[in-house]
Amino acid sequence: GDLQEQHFPMRAYVAGEYRAGRLPIWAPWTLSGEPSAANSIFAAFYPLGLWEVVFPTLPYLALELEIVAYLAFAGVFTHLYVRELTGSTSAGMLSGVTFSLCGFLTSYPMLQMIILQVAVWLPAGLWLLERGLRRRSLLVVALAGVAYGCGVLGGHFQTYLYMVYLTAAYLLFRAVQGRLGLRFTLAAMGTLGLVAV
């Protein structure tokens, strides 16, 4: 499958380049080579993938464990988001388990790791965005931008575009519902977008 034939060798190459003290910019093995920095499947600059450099030779088990960790992150971030919305720890726990084990995350994204690497940042971004809007804190909104920036580095741009659409609609909905005011709403949108970029 794609995880064995595509993602694993690409991630092993990226980890090897970083271990050797080089930026993973050009992979010479495909035909005359390809720009690994431009091919999103390499996820050459994805921060959570940097832990892979600790292995002298990246084992396949490391990617399998990383997938399990992403499912756990999805659950934790969803728990935090729902708890922020509802104030209920049990609602957060139920939501976290439901999202982290839902059909979307446990099917195709487990084979296409980059989809999982992006999707995990949606609940993190929404949690921080909601927290920032409730407190009217642009600093916390900026942290949501960091989460979305990690998402774009994950490498699956279609999933990321869905996140952008959803987040923009969510921010506008919360601005109207919470009567946040035009100035703060525009400042929050600008901060979120600039930090993510």
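The values are calculated or read from the model by the stated rules, or taken from the named source; none is laboratory data. All values derive from a computational prediction rather than experimental measurement. Counting neighbours? That spans all protein chains shown, and the Cβs are built from the backbone with ideal geometry, glycine included. The area values use the complete protein model at the heavy-atom level, side chains included, leaving out ligands, DNA and RNA. Shrake-Rupley method; radii C 1.70, N 1.55, O 1.52, S 1.80 Å.
Points worth noting:
- Cα-based helix-to-principal-axis angle, 157-177 vs the chain, degrees rounded to 10: 10
- Taking the accessible area of the chain, probe 1.4 Å, and keeping the other protein chains in place, the carbon and sulfur fraction comes to 71%.
- The angle between the Cα long axis of helix 60-86 and the main principal axis of the chain comes to about 0°, on a 0 to 90 degree scale.
- Dipole magnitude for the stretch 1-158: computed about the Cα centre from +1 point charges on Lys and Arg Cβ and -1 point charges on Asp and Glu Cβ, it is near 640 debye.
- FRET efficiency, PHE104 to MET189 (Cβ-Cβ, R0 35 Å, nearest 0.05): 0.80
- Based on alpha-carbon atoms, the Kirkwood radius and the radius of gyration of the chain give Rg/Rh equal to 1.02.
- Placing GLU52, GLU84, GLU5 in order of accessible area, with the largest value first and a 1.4 Å probe, yields GLU5, GLU84, GLU52.
- Relative contact order [Cα under 8 Å, 6+ residues apart], the chain, whole percent: 19
- P(r) tail fraction, the stretch 107-157 - alpha-carbon pairs more than 12 Å apart, %: 59
- Annotation for THR57 and TRP29: the two label points, set 7 Å from Cα along the Cα-Cβ direction, are 1.2 nm apart.
- Over all pairs of different C-alpha atoms in the stretch 123-197, the reciprocal of the mean inverse distance, the Kirkwood hydrodynamic radius, equals 12.0 Å.
- Computed on the stretch 1-102, with alpha-carbon pairs under 8 angstrom and 6+ residues apart, the relative contact order is 19 percent.
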